[in-house]
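So the structure is just underneath, and the comments pick up after that.
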Amino acid sequence: MKQMLHCLLAGLVFGGAAFAQPEKSTPSPSSPLCLKLGADETLGAHYAAFEKLMTDLYSRAGLCANSIAMSPKRIEQLMANGELDGDWFRPSEYITTRGLEQQIVQQAIFGLEARLIWLKKSGFSGNPADLKGLTVGYRAGFRWIETHIPLMGGKPFAITGGSQVKALLEHGRIQVYATSSAHEPNVIAAFGEDADKLTSTRWATEPFYHLLQPRHADKIPALTKAIKDMIRDGDMQSHLTMPGVIAVPLRTGN
């Protein structure tokens with residue numbers, strides 16, 4: 001289940017005897033304050049793996065971070081008012097639509113594929129350019145897909161859960177279903193013995209980046225190097241245990 005790691009601050013302890021109040025200590029360069037990171041509580045059983053990834057990343061960069069579980073919307077609010085130091089990760093679509101390019105660590109942590117699923121008998125080619133005029137169901141909340149269906153000429157049809165996909169495809173309410181690689185296995189499983197009637201293909205890969213408050217811009221180079229080192233030596237891949245989450249290529253020029 002969801003795990004939560006809070007940054008606990010030690011308070012002054014007063015005994016029964018009278019002691020002089022100690023001077024307030026200030027953090028030294030060798031003992032930096034831990035950054036508070038907004039952590040996506042909706043990851044459920046996969047939360048712990050991502051928490052360990054972020055802890056290892058910061059440790060490798062010579063930094064300290066504590067993850068605080070909350071909803072993505074709450075993370076967005078606290079990042080906006082400066083109460084959080086960072087956000088675990090957001091997709092590139094989220095970043096570009098909000099002009100946050102200067103706040104990201106310049107190497108993606110992982111990627112999710114946008115996938116197209118359809119009935120073989122429909123005759124759909126699998127080419128995104130051929131979505132024009134088709135009704136395309138999509139999982140509500142995946143904004144890249146939501147944005148790009150109309151750009152390809154498709155008619156978006158929001159679906160809250162994968163359990164409806166089978167009936168919608170079989171009855172022709174939708175011709176294609178678009179979802180993430182993380183959710184595709186559940187959609188296919190819902191077809192049971194009829195799964196062989198389906199086919200699917202990759203549409204695009206959406207990279208996810210770690211965000212920092214602008215006041216921590218000086219930490220971006222160290223975190224960028226740490227992510228790249230984790231990818232090179234295979235540590236990153238060992239953390240990416242959530243189905244559908246994929247490794248991404250190293251970004252050059254940073």
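The values are calculated or read from the model by the stated rules, or taken from the named source; none is laboratory data. Keep in mind it's a predicted model, so treat the numbers as computed, not measured. All accessible areas refer to the heavy atoms of the entire protein, side chains included, with ligands and DNA or RNA removed. Shrake-Rupley method; radii C 1.70, N 1.55, O 1.52, S 1.80 Å.
Would you compute the Debye intensity of segment 126-222 from its alpha-carbon atoms alone, equal scatterers and no solvent, and pass along log10 I(q)/I(0) at q = 0.14, 0.21, 0.22, 0.24 Å⁻¹ to two decimals?
Result of the Debye calculation: -0.57, -1.06, -1.15, -1.36.
Wrap a convex hull around the Cα atoms of segment 175-254, take a quarter of its surface area, and give that in square nanometres. Intermediate results must be reported in sequence, preceding the final value.
On the way: hull surface 31.3 nm².
Mean projected area of the Cα convex hull: 7.8 nm².
Residue-wise, which Karplus ³J(HN,Hα) couplings in Hz belong to segment 121-135, taking 6.51 cos²θ - 1.76 cosθ + 1.60, θ = phi - 60°, and x for glycine or proline?
So the Karplus estimates, Gly and Pro as x, are 5, 5, x, 4, 6, x, 7, x, 5, 8, 6, 4, x, 8, 8 Hz.
Taking a probe of 1.4 Å, how large is the accessible area per residue of the chain, in Å²?
Working: 13570 Å² over 254 residues.
Roughly 53 Å² per residue, with all protein chains present.
Mean Kyte-Doolittle of at least 0.0 and a Cα length of 15 Å or more along the axis: which whole DSSP H helices of the chain meet both?
On the way: long enough: 47-60 (20 Å, -0.26); 220-233 (20 Å, 0.09).
Result, helices passing both filters: 220-233.
Can you sort GLU113, GLU206, GLU170 by 1.4 Å-probe accessible area, starting with the largest?
Details: GLU113 35, GLU206 5, GLU170 75 Å².
So the residues, ranked largest to smallest area, are GLU170, GLU113, GLU206.
Can you tell me the length gained on complete extension of the stretch THR96 to CYS34, counting 0.36 nm per residue apart and subtracting the Cα distance?
19.6 nm
So for the chain, what are the equivalent ellipsoid semi-axes in whole Å, largest first, each being the square root of 5 times an eigenvalue of the Cα gyration tensor?
Values: eigenvalues 365, 74, 53 Å².
Working through the eigenvalues yields semi-axes of 43, 19, 16 Å.
Might you work out the accessible area of LYS120 for me, using a 1.4 Å probe with all protein chains in place, and round it to the nearest 10 Å²?
LYS120 exposes around 120 Å² with every protein chain in place.
What relative contact order, as a whole-number percentage, does segment 116-188 give when Cα pairs under 8 Å and 6 or more residues apart are counted?
This gives 40 percent for segment 116-188.
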